[in-house]
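Heads up: the structure comes next, in structure tokens.
The values are calculated or read from the model by the stated rules, or taken from the named source; none is laboratory data. As the structure is a prediction and not an experimental result, all values here were calculated from the model. Glycine gets a Cβ as well: all are built from the backbone with ideal geometry, and neighbour counts include every protein chain shown.
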Amino acid sequence: MDLSHRTVLVVGGTSGIGREMARRFAAAGSTVAVGGRNPEALARLAEDGFGTFRVDVTDAASVASCRDAVISRYPELDTVVTMSGVMLLEDVRDPAHFETARTTIDTNLYGTIRVVDAFTPHLLERGAGTFITVSSGIGFLPFPPMPSYGASKAAVHAYSEALRAQLDGTGVEVVELVPPAVAVPGRQNANPHALPLEDFATEVMDLLAADPTPREILVEGVLMHRWAERDGTYDELVAQRSKALSLLPGRRV
Ligand SMILES: NC(=O)c1ccc[n+]([C@@H]2O[C@H](COP(=O)([O-])OP(=O)(O)OC[C@H]3O[C@@H](n4cnc5c(N)ncnc54)[C@H](OP(=O)(O)O)[C@@H]3O)[C@@H](O)[C@H]2O)c1
């Protein structure tokens with residue numbers, strides 16, 4: 001994929017991986033807009049020259065009005081990144097976890113579907129374009145303190161596969177970004193094994209620049225998650241990762 005002449009919208013670009021990818025696309029020469037809910041973050045990005053759009057992906061009307069505003073300002077929009085996501089801990093022994101599950105699925109899965117649905121007619125009409133969906137290594141190898149998160153990301157993977165097949169032949173590509181743990185500013189309970197954001201973003205942009213663009217963007221650090229089942233390391237890794245259940249407040253001793 002050429003990274004230098006695109007018109008990109010990063011939904012969920014107000015912080016973390018999304019903001020860094022927005023910066024990288026802009027640095028490569030593309031025109032970049034970002035969406036999100038946080039007004040202060042959007043204002044800072046506007047000062048840096050990004051187009052900014054308020055959007056809540058859990059609200060279909062908000063996604064539709066964001067879509068209308070983006071396409072009106074950027075009729076040449078050709079790339080939509082569905083980055084919005086929440087990563088929430090859940091103790092399944094606490095019945096209150098269901099609300100966390102609902103928020104997680106509504107944001108990570110339905111949010112992805114709402115954004116893809118909103119922009120599909122535009123990209124189909126252009127006859128060329130790219131959706132970059134965002135799953136996670138945790139969609140392939142569970143991280144037990146985040147059951148609904150893993151389910152939402154496994155679902156984004158499955159959805160991306162079928163979406164790609166449905167759009168085949170239209171000129172609209174579907175690329176799935178599969179991040180491993182990445183250290184983003186401000187994250188609590190930081191994982192000491194998380195990749196530095198800058199290194200991750202450099203690897204991602206190099207992989208995206210390949211022609212043809214790979215269906216999945218797999219940095220070196222996510223290969224052990226992505227292929228654990230195939231490689232026979234799955235059970236051992238799940239047992240190792242279950243030690244992180246001590247992160248749950250109710251399980252601390
Ligand atoms: N960092 C990691 O270790 C890691 C690993 C694997 C996958 N991922 C995935 O990568 C993506 C980015 O994560 P991150 O680590 O960069 O986290 P982050 O810094 O918390 O970024 C999350 C982004 O999602 C947006 N968002 C959340 N809820 C939203 C909503 N209802 N409507 C619109 N936007 C919403 C946030 O914007 P507002 O708050 O402004 O709405 C923010 O821009 C997520 O999908 C995450 O699951 C991250």
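Assuming T233 fulfils every condition listed in (1) surrounded by fewer than 15 Cβ atoms within 10 Å (Cβ to Cβ); (2) without any contact (Cβ under 8 Å) to a residue 60 or more places away in the chain; (3) not aliphatic (A, V, I, L, M) apart from one, which condition is it?
(1)
Just wondering, is there one or more residues in region 36-55 that are within 12 Å of the ligand (Cβ to nearest atom), within 19 Å of T130 (Cβ to Cβ) and small (G, A, S)?
no
Any residue at all in region 219-241 that's in contact with a helix residue (DSSP H, G or I) (Cβ under 7 Å, 6 or more places away or on another chain) and closer than 28 Å to A41 by Cα?
Among the residues of region 219-241, at least one is in contact with a helix residue (DSSP H, G or I) (Cβ under 7 Å, 6 or more places away or on another chain) and closer than 28 Å to A41 by Cα, which makes the answer yes.
Going through V178, V174 one at a time, which residue ends up being more than 22 Å from A128 (Cα to Cα), touching a Ser or Thr at 6+ places or on another chain (Cβ under 7 Å) and at pLDDT 95 or above? Spell out the reasoning first.
Values: V174 fails: more than 22 Å from A128 (Cα to Cα).
Going through V178, V174 in turn, just one is more than 22 Å from A128 (Cα to Cα), touching a Ser or Thr at 6+ places or on another chain (Cβ under 7 Å) and at pLDDT 95 or above: V178.
Only one of P212, P180, P196 is within 13 Å of the ligand (Cβ to nearest atom) and surrounded by fewer than 18 Cβ atoms within 10 Å (Cβ to Cβ). Can you tell me which? Step through it out loud before you land on a result.
Numbers: P212 fails: within 13 Å of the ligand (Cβ to nearest atom); P180 fails: surrounded by fewer than 18 Cβ atoms within 10 Å (Cβ to Cβ).
It is P196.
Among the residues of region 159-169, is any in contact with a helix residue (DSSP H, G or I) (Cβ under 6 Å, 6 or more places away or on another chain) and free of Cβ contacts under 8 Å to residues at least 60 places away in the same chain?
Of all residues in region 159-169, those in contact with a helix residue (DSSP H, G or I) (Cβ under 6 Å, 6 or more places away or on another chain) come to none.
No, region 159-169 contains no residue that is in contact with a helix residue (DSSP H, G or I) (Cβ under 6 Å, 6 or more places away or on another chain) and free of Cβ contacts under 8 Å to residues at least 60 places away in the same chain.
May I ask you to list the residues in region 1-47 that are under 29 Å from P212 (Cα atoms) and in contact with an Asp or Glu (Cβ under 6 Å, 6 or more places away or on another chain)?
To start, the set of residues in region 1-47 that are under 29 Å from P212 (Cα atoms) comprises 1-35.
Within region 1-47, R6, T7 meet the criteria.
Just wondering, is there one or more residues in region 9-18 that are more than 13 Å from the ligand (Cβ to nearest atom) and at pLDDT 95 or above? Reasoning before the result, please.
Step one: of region 9-18, the residues more than 13 Å from the ligand (Cβ to nearest atom) are none.
No, region 9-18 contains no residue that is more than 13 Å from the ligand (Cβ to nearest atom) and at pLDDT 95 or above.
For the subset of region 14-35 comprising residues that are outside any helix (DSSP H, G or I) and either touching a Gly at 6+ places or on another chain (Cβ under 6 Å) or aliphatic (A, V, I, L, M) (or both), which member is farthest from V116 (Cα to Cα)?
A28
For residues that are loosely packed, with under 14 Cβ neighbours inside 10 Å, in contact (Cβ under 8 Å) with a residue 12 or more places away in the chain and within 16 Å of H225 (Cα to Cα), tally how many sit in region 236-253.
Filtering region 236-253 for residues loosely packed, with under 14 Cβ neighbours inside 10 Å gives 236, 239-240, 242-243, 246, 249-253.
Keeping just the survivors that are in contact (Cβ under 8 Å) with a residue 12 or more places away in the chain gives 242, 249-251.
From what is left, the residues that are within 16 Å of H225 (Cα to Cα) are 242.
Adding up the residues that qualify gives 1.
Going through region 64-95 one residue at a time, which ones are crowded, with 23+ Cβ neighbours inside 10 Å and near the ligand (Cβ under 10 Å from one of its atoms)? Walk me through how you get there before you give the answer.
First pass over region 64-95, keeping only residues crowded, with 23+ Cβ neighbours inside 10 Å: 66-67, 70, 79-85.
Once the filter is applied, which keeps residues that are crowded, with 23+ Cβ neighbours inside 10 Å and near the ligand (Cβ under 10 Å from one of its atoms), region 64-95 yields C66, V81, T82, M83, S84, G85.
Which residue pairs have Cβ atoms closer than 9 Å, lie 6 or more positions apart in sequence or on different chains, and pair a first residue in region 80-99 that is closer than 23 Å to K243 by Cβ and among the small types (G, A, S) with a second residue that is away from the ligand (no atom under 13 Å from the Cβ) and not in a loop (DSSP other than H, G, I, E, B)?
If the second residue must be away from the ligand (no atom under 13 Å from the Cβ) and not in a loop (DSSP other than H, G, I, E, B), no pairs are left.
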